[in-house]
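Novice: Structure incoming, see below.
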Amino acid sequence: MSFVQPVTLTDRGVELVPLALEHESGLRAAAADGELWNLRVTSVPRPEETRTYIETALAGRDTNARFAFAVRDQATGTVLGSTSYHDILPAVKRVEIGYTWYAARCQRTHVNTTCKLLMLTHAFETLGCNVVGWRTDNFNHASQQAIERLGARKDGVIRGHAMRRDGTIRDTVMYSLRSGEWPEVKAQLLYLLDKPRPSKS
């Protein structure tokens with residue numbers, strides 16, 4: 001039995017459902033909102049690569065290395081982006097959260113915070129994880145700031161670790177959160193989600 005079982009997670013109008021080929025057109029539309037594939041420090045697929053992106057994620061599920069979700073608007077079913085558990089290590093009860101991206105219109109909204117609350121709650125409280133990790137490009141400062149806002153600790157930098165889509169080699173910044181730190185982080189995420197947001201005029 002795989003460590004991460006198929007599950008649908010929902011809260012505050014956001015829904016995480018197991019990624020499937022049926023989400024291809026929705027993912028393509030979400031990526032087109034902001035032409036996110038042009039960002040060199042992300043894993044967003046180009047329109048013509050969307051099906052391959054999903055197939056790769058499903059292959060990771062078959063080997064228990066990755067479990068990808070489609071992020072959807074619960075009311076409309078519209079696909080907003082994608083996120084995954086990956087580098088899943090059942091023996092030490094560790095997962096990482098990554099391959100995360102959202103349509104431009106969802107950025108700086110409650111969507112990412114809600115997804116992190118859902119995934120961290122599931123990881124620590126259902127899967128019984130000891131550690132949840134993140135990794136990001138050393139030049140993806142927005143991602144690093146978002147991870148640090150969660151309360152994760154910076155573990156270090158792996159130099160010359162991975163290839164970017166443009167062929168350059170990146171350094172990878174590693175972060176982690178331990179189970180003992182989760183209650184305080186959960187309280188902070190709930191605070192961020194519950195506090196009044198300024199109205200957009």
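The values are calculated or read from the model by the stated rules, or taken from the named source; none is laboratory data. Computed from a prediction, not measured in an experiment: that's the story for all the values here. Positions of Cβ are backbone-derived with ideal geometry, glycine not excepted, and every protein chain shown enters the neighbour counts.
Novice: Mind listing whichever residues of segment 16-52 are at pLDDT 85 or above, closer than 16 Å to G98 by Cβ and part of a loop (DSSP other than H, G, I, E, B)?
Specialist: L19, P45
Novice: For segment 174-186, how many residues are among the hydroxyl-bearing types (S, T, Y) and buried (at least 16 other Cβ atoms within 10 Å of the Cβ)?
Specialist: The qualifying residues number 2.
Novice: Do we have any residue at all in segment 1-8 that's assigned to a helix (DSSP H, G or I), small (G, A, S), over 17 Å from the mean Cα position of the chain (by Cα) and more than 23 Å from T113 (Cβ to Cβ)?
Specialist: Checked against the condition, which is being assigned to a helix (DSSP H, G or I), small (G, A, S), over 17 Å from the mean Cα position of the chain (by Cα) and more than 23 Å from T113 (Cβ to Cβ), segment 1-8 yields no hits at all.
Novice: Can you tell me how many residues in segment 157-173 are in contact with a strand residue (DSSP E or B) (Cβ under 7 Å, 6 or more places away or on another chain) and surrounded by fewer than 18 Cβ atoms within 10 Å (Cβ to Cβ)?
Specialist: Total meeting the criteria: 11.
Novice: Within segment 18-26, can one find any residue that is surrounded by fewer than 16 Cβ atoms within 10 Å (Cβ to Cβ), of a type in the set (A, V, I, L, M, F, W, C) and in contact (Cβ under 8 Å) with a residue 24 or more places away in the chain?
Specialist: yes
Novice: So G167 ticks every box in (1) on the phi > 0 side of the Ramachandran plot; (2) in contact with a Cys (Cβ under 8 Å, 6 or more places away or on another chain) but one. Which box is left unticked?
Specialist: For G167, the exception is condition (2).
Novice: With K154, K116 as the choices, which residue is touching a helix residue (DSSP H, G or I) at 6+ places or on another chain (Cβ under 8 Å), surrounded by 13 or more Cβ atoms within 10 Å (Cβ to Cβ), farther than 27 Å from R28 by Cα and of a type in the set (D, E, K, R)?
Specialist: K154
Novice: Continuing with the same structure: I'd like the full set of residues that are more than 29 Å from P183 (Cα to Cα), part of a loop (DSSP other than H, G, I, E, B) and of a type in the set (G, A, S), limited to segment 134-168.
Specialist: G167
Novice: Right, something else. Which members of segment 86-109 meet the condition of being modelled with pLDDT under 95 and either surrounded by fewer than 17 Cβ atoms within 10 Å (Cβ to Cβ) or not in a helix (DSSP H, G or I) (or both)?
Specialist: Listed by number, the residues that qualify are G98, Y99, T100, W101, Y102, A103, A104, R105, Q107, R108, T109.
Residues are listed down the side, and each one gets a yes or a no for (1) farther than 19 Å from L9 by Cβ; (2) small (G, A, S); (3) out of contact with any Leu (no Cβ under 9 Å at 6 or more places or on another chain):
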residue: A65; (1), (2), (3): yes, yes, yes
residue: R72; (1), (2), (3): no, no, no
residue: T76; (1), (2), (3): no, no, yes
residue: T109; (1), (2), (3): no, no, yes
residue: L117; (1), (2), (3): no, no, no
residue: N138; (1), (2), (3): yes, no, yes
residue: Q144; (1), (2), (3): yes, no, yes
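Novice: For the condition crowded, with 19+ Cβ neighbours inside 10 Å and either of a type in the set (K, R) or over 11 Å from the mean Cα position of the chain (by Cα) (or both), what is the one hit in F124, F69?
Specialist: Answer to the check: F124.
Novice: Another one. Just the residues that are crowded, with 22+ Cβ neighbours inside 10 Å and not hydroxyl-bearing (S, T, Y), please, taken from segment 72-85.
Specialist: Result: R72, V79, L80, G81.
Novice: While we're on this one: Suppose the filter is surrounded by fewer than 16 Cβ atoms within 10 Å (Cβ to Cβ) and in a helix (DSSP H, G or I); does E55 pass it?
Specialist: Yes; evaluated as a whole, the condition is true for this residue.
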